[in-house]
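Trainee: Please read through the structure below; I'll follow up with questions.
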Amino acid sequence: AVLVDMEEGVVNELLNSPLRDIFDHKQLITDVSGSGNNWQVILISLSIGHHFYGNQYRDKLMEVLRRAAEKCDCLQSFFMIHSMGGGTGSGVGTAILNILQDHYPTVYRFVTAVYPSLDDDVITSPYNSILAMKQLTDNADCVMPIDNQSLIDICNRINNVSATATRGITKKQIKAESTITASHGDVKNKSSRPFDSMNNIVANLLLNMTSSSRFEGSLNVDLNEITMNLVPFPRLHYLISSMTPLYALADVNLSMRRLDEMFSDAFSKDYQLIKADPKRNLYLACALLVRGKVEISDIRRNIKRIRPSLNFIHWNDDGWKTGLCSVPPVGQPYSLLTLSNNTCIKDTFSDIQQRFVKLYRRKAHLHHYLEVDGMEMATFDNSIESLNSLIDEYNSLEQTTREIVTTPPRLKIA
Amino acid sequence: MAANNIIIQIGQCGNQIGREFCNFIPTDAENSKLPISHVYQHYDNKSRCLCVDGESKVISNLLNNHGKSYRKQNVFTGRTGCGANWALGYHGFENAVGQSFMDNFLDSLRKEVERCDSYTGCILLHSISGGTGSGLGSRICEAIREEYPINYILSTGVAPHRSGESPLQCYNSMLSLSYIQKYSDGVILYENDDVINRIISFRSKSEASKSVSLKEMNNYIAKSLAGIILPLSSSNSSLTSLMKQFYACSCVFPGKEPWEMLQTTCSMPTHKFTGVQYLSKGVAWDSLVRSYVQNNCRPKSGTILDSISCLAVARGDKDYSFFKFMPRSHENLKTAHRCVSWNPFPIDYWTAETDVGKGSGRTLYICSNSCGIIDYFDHILSKTSTMYDAKAFLHWYWKYGCCMEDFSEAREILQTVVMNYKDALK
C-alpha cells in the first residue's frame, strides 16, 4: 500500500493506531501544509494538488510506487481510493493515475471515488470533481462512485433496526460484528471516530470485490474479469455498487426466503452506495458476486425472478456476470455485492455538471486555480467537454434501445 | 492390450469436471496389472492427464485432494486468469505465462503419448464460454491437431446458462465452437440449463426444491461422460469367449470406446455435435427404457429434436438381459429420438456388466447426434450479431490480438453447421 496526503494529521493518526504494524514509513508521502485546505478560507484547490504537488512529488511518488510494485509476485491491479471534492484526493490522486497509466499500462486501475453530496462543505468541489472526472474517464479502467449521503443512510438504517421494538414483537437482535459498518480490526478501541462506520462500508466493498481473488470458490471471478465483462465501451466504466445484507440477525432461522430477499434488496435503491435510480434506466451489464453458502441454482432462480423488473440494453439482454466464492464475510452466512453498469449514472454527472456551470459562469474562485503553474482555462473547458460527451454517450445508448424496443411486434396468427 | 487415451483439462470448468471424472476411473487394486485398467492411468497409477488453467486456485485444490494421481510436469498454471475473454485465452496466455508455454505443453503431451502403449487420441474437457477454457482450449485443439493429425480429438464442451453467466459468453462461445468444429473429430456439448433440469428430474418430489450445487452439476457431466467413454468390459467378466462374441460388449476394443462412439455418432465431419443423457434405475431394462423415453425425450417447444444417429450404452447388465428386450425398446427409442429415415442403423447398442463408479444399479446412457443443436447455434448467432453491430465489448478483443476476420470466419463456420444440420432433416 502507498499512502499519500499533503498534510500529516490523518496519516499520523494511522501510525498511532493498532494498524501501525501493517504500514512501513517508506510507503508514506506527506507534506505539511495541505492542498489549500485553509480552514479560515475553506477553499480546496485541485490545481494545487494535481500540478503543484503532483510535479514536486512526482519522482518520490514513482519511487515509492516502484518499490511497492517490485515486492509483488504478480502485479494485477492498482486500487485507488480518494475523494473527488477535495484537493489532495482528486488532484494528487489523478496525478498518480497519470503516472500509473504511463509506467504500468497493462496493470488495471480500479478507483473508488467519493463524489460530493449536495450539501458538501467544500465550495470548490464542483471544479475539483469535474477536473478529476476527465482524468478518471481517460485513465482509469473502472470507477466505483460513492457518495456520503448514501453511506449515512445505510448507517442510520442499521442503527434504526436495533432501536425499533414494536409491541408484541421482540427487538431484532443483530449479531455482533456482522454489520457492514463494524470495525473488526480495532481491537479494544471502543470509541469510534466519526466516519468510521461509513468508511467500513467502503472497506467491505473492496473486500467483497477481491474475495474471489483471495479465496476459493466454485465460480471464481478475478479482477480482470470484472472490467472485461462490465465495460462494453472504454469510457463507460462507472459501476454502481450495492451490498446486501447489511447485517445478520442473531437467531439462526435462515430460510430460502431470506436468501431471495438478499437478491431483491440488492436491486433496491436503499442498499446502493450512491444515489441513483438504476431500475428506471438501462443496464449495460450487471455482476453478482456472491459469497458464502449459496448454490448456483439459487443464483439462477433469482436472476429469472428479478430480470423482468429490470431494463437491459437490447444487445446485452442477459448481461449478467455471476461469481461464487465459498468464504462468507465475517459474521454473516452469505453476502452479495452487485456491480452494475447502468446509464442512470448520467444523472449524477448532470448534477455535478450543473453545479459546475453555476460557478464557472461567474468565473468564481477560478483565480486560485489559475495561479498554479501548468493550469489554464483550456483545462476547464476540456474537462467539461469530456463530461458532456460522456453524458451524451449514455443518452445515445438509451435512445437506440428505445428506438428498437418501440417497433410494434408483428401479429402472429397461429 | 488396451488403447490409451489422454485427458486434457482446460480452465476452471474443465478442471472441476476432471476432478469429478477421477472418481469414475476404475482403480481395482487386484486388476491393476491388467491393461484394461490402464486406458486412462499409467502403470504407476498416475493419470494420463494434463491440466491447464489461467490461475492456480482450482488446480491447487485438485492437487490437494488427488495430488498422487497427477504428474507435476503435466500441470500448467498462469497467474492472472484469462478474464472470460477468448482473445486473452487464445493469444494472451503465452504473453502472461511465457512464450514457451505452448512448447512446454506439447513437450509434456509428447512425453505422455510416449508413455502410452497405444495412443489413440485425447479428450479435451473445457467450457466454451469462459476465457481459458474457450480461448486456450481452441489454441490447444489446433496445436494438437497439427502435432498428431491422425489421432482422434474428442472435445467435451460446457455451454453456459442462456439467462446469462457472462456478458461475453456469446462471443466466446462462437469463437471457440468454430475452432472445435474445425479441428476436433467430435464434440459432446452440455448446456448448463439442461444439466440442472436433469438433476432436478432425478430427485424425489420432496427434494425437488433443494438447491443444485456446482459440484452436483460437475458430477452429472462427469458421470455421463464416463458412461460413454470408459472401458466396457471389466476383467471380472464371467462370459465365455463364445458368449462374448455374441454380446456386443466385447466388440469394442478396450480403450477405443470414445473413438467408436465418434464413428457411430459423428460419422460425417459436417455433423459433429452430440449430447449425452442418462437415466439410472434399478428396474428391468424395458421399463428403464420406457422411463427414459418419458423423462428425457420431451421436446422443448419449437425445437427440432430429430437425431441423425445415436449410441446407447447399457451398463449394469449383469444378467445379460438387455438384448432380450431389444426389439421393442429399439422401436421405442427410435421414435423417441425421431431418428432420421435415411439412416438404416440409427441406434447402436453396447452393454457392460458394471456401471461406472460405485453404482450397482442399471444405467442407460444415450449419446445422440441431434438437430437440437440448431436451436443453440441460432441463439448464439443472433445474440452475437446484435452485440457486434452495437460494437459492444469489442475493444477487449482487439486489445488482445483478435481481428474482425476471426469473428466473420467463426460466424460463417457456425452458419455452415446450421445449414448442414437443416439439410440432414430432409
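Quick note: the coordinates plus some simple rules give every number you see, no bench work behind them. Computed from a prediction, not measured in an experiment: that's the story for all the values here. Every residue, glycine as well, gets a Cβ built from its backbone with ideal geometry; the counts of neighbours run over all protein chains shown.
Trainee: For the range A:356-398, give the magnitude of the charge dipole about the Cα centre (Cβ charges: +1 Lys/Arg, -1 Asp/Glu; no others), in debye to the nearest 20.
Mentor: 380 debye
Trainee: In whole Hz and in residue order, list the ³J(HN,Hα) couplings for the range A:341-346 that follow from phi through the Karplus curve 6.51 cos²θ - 1.76 cosθ + 1.60, θ = phi - 60°; x for Gly and Pro.
Mentor: 9, 10, 6, 5, 5, 5
Trainee: From the mean inverse distance of alpha carbon pairs (Kirkwood) and the Cα radius of gyration, derive Rg over Rh for the range A:225-337.
Mentor: 0.96
Trainee: Calculate the FRET efficiency for A:Glu216 and B:Asp389 from the Cβ-Cβ distance with a Förster distance of 56 Å, rounded to the nearest 0.05.
Mentor: FRET efficiency, A:Glu216 to B:Asp389: 0.90.
Trainee: Moving to a separate point now. Report, in debye and to the nearest 20, how large the dipole of the range B:266-354 comes out about its Cα centre when Lys and Arg carry +1 and Asp and Glu carry -1 on their Cβ.
Mentor: For this selection, approximately 260 debye.
Trainee: Now for a different question. With the calculation restricted to Cα positions, what are the radius of gyration and Dmax of chain B in angstrom?
Mentor: Values for chain B (Cα only, Rg and Dmax): 20.9, 66 Å.
Trainee: Towards the positive end of the charge dipole of the protein assembly as shown, with charges on Cβ (+1 Lys, Arg; -1 Asp, Glu), say which of B:Gln169, B:Gly401, A:His368 has the farthest Cα.
Mentor: B:Gln169
Trainee: With θ set to phi - 60° and the Karplus curve 6.51 cos²θ - 1.76 cosθ + 1.60, what are the ³J(HN,Hα) couplings of the range B:77-92 in order, to the nearest whole Hz, using x for Gly and Pro?
Mentor: Per residue, the Karplus-derived 3J(HN,Hα) values read 10, x, 10, 10, x, 10, x, 6, 10, 4, 5, 5, x, 6, 9, x Hz.
Trainee: Given a Förster radius of 30 Å and the C-beta distance between A:Asn156 and A:Glu261 as r, what FRET efficiency does 1/(1 + (r/R0)^6) yield to the nearest 0.05?
Mentor: The pair A:Asn156/A:Glu261 has a calculated efficiency of 0.90.
Trainee: Please go through the residue pairs A:Lys304/B:Lys426; A:Lys304/B:Lys391; A:Lys71/B:Lys57 and name each one whose alpha carbons sit more than 31 Å apart in this structure.
Mentor: Check vs 31 Å cut-off fails for A:Lys304/B:Lys426.
Trainee: If you don't mind, there's one more thing I want to ask. If R₀ is 25 angstrom, what is the calculated FRET efficiency for the pair B:Lys334 and B:Asn197, using the beta carbon separation as r and rounding to 0.05?
Mentor: Computed FRET efficiency for B:Lys334 and B:Asn197 comes out at 0.55.
Trainee: Now for a different question. Under 5 Å between amide H atoms, partner at least 5 residues away or on a different chain: which partners does B:Lys256 have, H built in plane at 1.01 Å?
Mentor: Those lying under 5 Å, H to H, from B:Lys256 are B:Ala3.
Trainee: Let me ask something else about it. Kindly write out, for the range A:82-96 in residue order, the coupling ³J(HN,Hα) from the Karplus curve 6.51 cos²θ - 1.76 cosθ + 1.60 (θ = phi - 60°), rounded to whole Hz, with x marking Gly and Pro.
Mentor: 7, 9, 9, x, x, x, 5, x, 6, x, 5, x, 6, 5, 5
Trainee: In the protein assembly as shown, with Lys and Arg counted as +1 and Asp and Glu as -1 at Cβ, which of these residues, A:Leu19, B:Phe24, A:Cys72, has the Cα nearest the positive end of the dipole, that is, farthest along it?
Mentor: My answer, from the dipole projection, is B:Phe24.
Trainee: Right, another one. With only Lys, Arg, Asp and Glu charged, each at its Cβ (+1 for the first two, -1 for the last two), find how big the charge dipole of the protein assembly as shown is about the Cα centre; round to the nearest 20 debye.
Mentor: The dipole magnitude comes to about 2700 debye.
Trainee: I'm a student and want to see the number: the projected area of the Cα convex hull of the range A:282-395, averaged over all directions, in nm².
Mentor: So the mean shadow area of the Cα hull is 11.2 nm².
Trainee: Measure up B:Lys46/B:Lys182; A:Lys293/B:Lys281; B:Lys68/B:Lys358; A:Lys321/B:Lys205; A:Lys60/A:Lys363 against 23 Å on the Cα-Cα distance and list the ones that go over.
Mentor: Beyond 23 Å: B:Lys46/B:Lys182; A:Lys293/B:Lys281; A:Lys321/B:Lys205; A:Lys60/A:Lys363.
Trainee: Going down the table (A:Lys358/B:Lys399; B:Lys256/B:Lys334; B:Lys215/B:Lys256), which pairs top 32 Å between alpha carbons?
Mentor: Over 32 Å apart, Cα to Cα: A:Lys358/B:Lys399.
Trainee: Name the residues whose placed amide hydrogens come within less than 5 Å of the amide hydrogen of B:Leu124, ignoring near sequence neighbours (fewer than 5 apart) on the same chain.
Mentor: Distant-sequence amide H within range of B:Leu124: B:Ile8, B:Leu154, B:Ser155, B:Thr156.
Trainee: Further question on the same structure: Can you spot the aspartates and glutamates whose alpha carbon is less than 12 Å from B:Lys318's alpha carbon? Ignore those fewer than 8 places along the same chain.
Mentor: B:Glu353, B:Asp355
Trainee: Which one, A:Asn281, A:Gln332, A:Ile303, projects farthest toward the positive side of the charge dipole computed for the range A:231-348 from Cβ point charges (K/R +1, D/E -1)?
Mentor: It is A:Asn281, whose Cα lies furthest towards the positive end.
Trainee: Using Cα-Cα distances under 8 Å and only pairs 6 or more residues apart, what relative contact order does chain B have, in percent?
Mentor: It rounds to 17 percent for chain B.
Trainee: Can you grab the distance from the C-alpha centre of the range B:126-201 to the C-alpha centre of the range B:355-411, Å, no decimals?
Mentor: Using only Cα atoms, the two centres lie 7 Å from each other.
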